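*Asks:* Take a look at the following structure, please.
The values are calculated or read from the model by the stated rules, or taken from the named source; none is laboratory data. Fair warning: this is a prediction, and the values are worked out from it, not measured in the lab. Backbone-built Cβ (ideal geometry, glycine too); neighbour counts: all protein chains shown. The area values use the complete protein model at the heavy-atom level, side chains included, leaving out ligands, DNA and RNA. Shrake-Rupley method; radii C 1.70, N 1.55, O 1.52, S 1.80 Å.
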Amino acid sequence: MKILEALLVLLEMLLPLMMLLPLAMLLPLKMLLPLKMLLPLKMPPPEWQDPFSDLDYEELAHNTCLPDLHHDMEFILALQEASLNDRIGLTGDALKCLCNPPRRQPEFESADIEYGVSLFQALEHSLEDAFQKTRAATLTQHPEDEIPSLT
């Protein structure tokens, strides 16, 4: 079976050359088999190169004519230059919380608040309306609960 696979690979590689030769000049199949030792059965994949590695964003932003695209390019450049230590943005506790996020689950004041947060996380990719309707349905069943709302 492997010989057949190798033969098919060889024929695929030699097919363009075979098209150029008249049929009578083709080598017998037995003569093609020793060539398989010289040719790899599978070519290694080419090394991946990032197509954007050579892109000059500043030049692109400068040469952009459309106002919306120019604005977008300026935003991209600003993001590239952004840093937590630029003394422009966040400061104090907000910066400390961003640099040192919590490493454990938060503790909630009550089971109702924990349920509300869990519900919100479960529906995070849904519309806000889905959260409100699910919350309302839960409160219909358990009116004594104090599930937080989004508003």
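*Asks:* Consider E58 carefully, then state whether it is over 30 Å from D145 (Cα atoms), open to solvent by 90 Å² or more (accessible area, probe 1.4 Å) and either modelled with pLDDT of 65 or more or in a helix (DSSP H, G or I) (or both).
*Replies:* yes
*Asks:* I'd like to verify a number: residues in the range 81-126 that are surrounded by 10 or more Cβ atoms within 10 Å (Cβ to Cβ) and either assigned to a helix (DSSP H, G or I) or in contact (Cβ under 8 Å) with a residue 12 or more places away in the chain (or both), how many?
*Replies:* The qualifying residues number 19.
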